[in-house]
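Inspection log for the structure reproduced underneath, given as structure tokens.
The values are calculated or read from the model by the stated rules, or taken from the named source; none is laboratory data. Just so it is clear, the structure is predicted and the values come from calculations on it, not from any experiment. Counting neighbours? That spans all protein chains shown, and the Cβs are built from the backbone with ideal geometry, glycine included. With ligands, DNA and RNA removed, areas are computed over all heavy atoms of the protein, side chains included. Shrake-Rupley method; radii C 1.70, N 1.55, O 1.52, S 1.80 Å.
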Amino acid sequence: MTHSPRFAFLLACALCAVLPACGRDQAAAANNRDARGGSAPVAVTTTIVRSSDFSDALAALGTARARESVTITAKVSETVQQVHFDSGDAVAKGAVLVTLSGQQQLAALRSAEAAAKESQQLLDRQDALAKQQLIATSQLDTQRAARDQANAQAAQVRAQLGDRVIRAPFGGVLGLRQVSPGALVTPGTVIATLDDLSRVYVDFPIPEGELAQLAQGQRVSGRVAAYPGATFEGLVSTIDTRIDPTTRSVNVRADFPNPDHRLRPGMLVNVDLRHGERNALLLPEISVVQVGERTFVYRVDADGSVQQVDVKVGTRRDGRAEILDGVKAGDRVVVDGTGKLRPGAKIADANARTATR
């Protein structure tokens with residue numbers, strides 16, 4: 001069977017049209033295979049391994065206490081004449097808080113002072129007579145004793161009158177006022193509370209087995225529910241001398257500066273007691289991958305590929321992990337995106353893209 005030249009020409013034209021289209025389809029298919037095969041860079045975030053100060057921490061629950069704290073009460077039974085403060089006032093040491101009625105004591109004081117003055121005048125006259133040897137020395141001694149007794153009586157009445165003026169024993173912040181003018185108070189009647197909030201103590205228990213890790217001056221951090229994002233810094237001031245035989249723990253007291261009065265007596269404080277301070281290699285905890293018994297990170301090589309590197313992890317705290325072995329300072333490690341990686345995969349650092357925008 002023979003073909004005409006016209007037929008051969010048409011067949012050649014058809015082949016020329018089909019072959020380029022096949023080439024384009026094959027190139028597209030190759031690109032799709034590259035995308036499916038994972039050779040395209042994987043978007044991740046990375047960090048540089050660096051060394052910084054780090055320490056272990058013991059966690060405990062403690063209770064805040066004011067540096068100085070007292071409940072102001074009356075010493076005598078008397079009527080409140082005047083109240084000199086309002087609830088929540090800050091007062092200085094010695095400030096008058098309450099004045100109680102003391103008319104009876106004022107009258108007794110005037111009488112005692114008059115008797116003491118008369119006794120002193122009589123002693124002066126007898127002393128002049130004794131110098132002229134007109135009276136016996138024993139009589140002068142008797143009068144001197146009477147003078148001293150009169151002065152003591154006057155001092156006693158002054159003290160009783162002083163009990164009618166209630167003062168702040170130290171500087172601090174007053175709590176709620178519990179009395180009003182005209183009220184009858186008796187010994188033990190609560191007038192107000194007074195707390196020195198410039199510093200607070202936090203007492204917390206530590207297990208007996210950690211006693212060797214404790215020392216005065218250790219740094220302590222505390223957190224309270226009232227201020228979720230705040231951390232308060234203090235120092236260990238006292239370690240109790242006795243171990244509780246029931247709980248097998250020792251009570252520790254930490255001293256916290258409190259200039260803004262945010263810490264209040266009675267607050268529950270989450271305490272971290274730091275010890276074993278050292279310089280350590282640290283990584284974000286999410287960069288450490290745990291698969292079975294293996295613990296590893298993805299280290300970024302110079303060519304932009306990643307490799308699994310086994311590491312030994314020490315203490316984990318505050319979202320950071322201490323790396324004891326496996327990487328060194330200056331290594332670049334994948335932080336976020338480890339679940340998409342395989343050894344040898346190429347990466348695109350999202351941090352670098354963000355920085356260039």
Region 334-349, residues that are surrounded by 15 or more Cβ atoms within 10 Å (Cβ to Cβ) and under 41 Å from the mean Cα position of the chain (by Cα): VAL334, VAL335, ASP336, GLY337, THR338, LEU341, ASP349
Looking only at region 235-256, and only at residues there that are touching a Lys or Arg at 6+ places or on another chain (Cβ under 8 Å) and under 22 Å from ASP318 (Cβ atoms), the one that is surrounded by the fewest Cβ atoms within 10 Å (Cβ to Cβ): LEU235
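Which fully enclosed strands (runs of 3 or more DSSP E) of region 159-244 have 2 or more residues being closer than 30 Å to VAL76 by Cβ? Explain how you work it out, then say what you get.
Values: elements: 165-167, 172-174, 190-207, 219-223, 232-244.
Filter on region 159-244 gives 165-167, 172-174, 190-207.
Taking the options VAL252, VAL271, name whichever one is within 19 Å of ASP56 (Cα to Cα), in contact with a Pro (Cβ under 8 Å, 6 or more places away or on another chain) and outside any helix (DSSP H, G or I).
Working: VAL271 fails: in contact with a Pro (Cβ under 8 Å, 6 or more places away or on another chain).
Of VAL252, VAL271, the one residue that is within 19 Å of ASP56 (Cα to Cα), in contact with a Pro (Cβ under 8 Å, 6 or more places away or on another chain) and outside any helix (DSSP H, G or I) is VAL252.
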Matching entry among ALA115, ALA230, ALA212 (being of a type in the set (A, V, I, L, M, F, W, C), free of Cβ contacts under 8 Å to residues at least 60 places away in the same chain, open to solvent by 70 Å² or more (accessible area, probe 1.4 Å) and on the phi < 0 side of the Ramachandran plot): ALA212
Pairs where the first residue, in region 82-95, is at positive phi and the second is open to solvent by 50 Å² or more (accessible area, probe 1.4 Å) and in a strand (DSSP E or B), C-beta under 8 Å, 6+ apart: GLY94/ARG167
Selection status of THR193, modelled with pLDDT of 90 or more, more than 30 Å from ARG177 (Cβ to Cβ) and either β-branched (Val, Ile, Thr) or open to solvent by 80 Å² or more (accessible area, probe 1.4 Å) (or both): no
Any chance ILE347 is in a helix (DSSP H, G or I) and touching a residue at least 12 places away in the same chain (Cβ under 8 Å): no
Residues located in region 280-302, provided they are without any contact (Cβ under 8 Å) to a residue 12 or more places away in the chain and either open to solvent by 90 Å² or more (accessible area, probe 1.4 Å) or part of a strand (DSSP E or B) (or both): GLN290, VAL291, GLU293, ALA302
First in region 318-341 and at positive phi and of a type outside the set (Ser, Thr, Tyr), second anywhere and outside any strand (DSSP E or B) and modelled with pLDDT of 90 or more, Cβ under 6 Å, 6 or more apart: GLY326/VAL311
Residue in region 259-267 that is of a type in the set (Gly, Ala, Ser), in a strand (DSSP E or B) and either at pLDDT 90 or above or within 11 Å of VAL200 (Cβ to Cβ) (or both) present: no
Selection within region 52-75 - at pLDDT 85 or above and open to solvent by less than 60 Å² (accessible area, probe 1.4 Å): ALA60, GLY62, THR63, ALA64, ALA66, VAL70, ILE72, THR73, ALA74
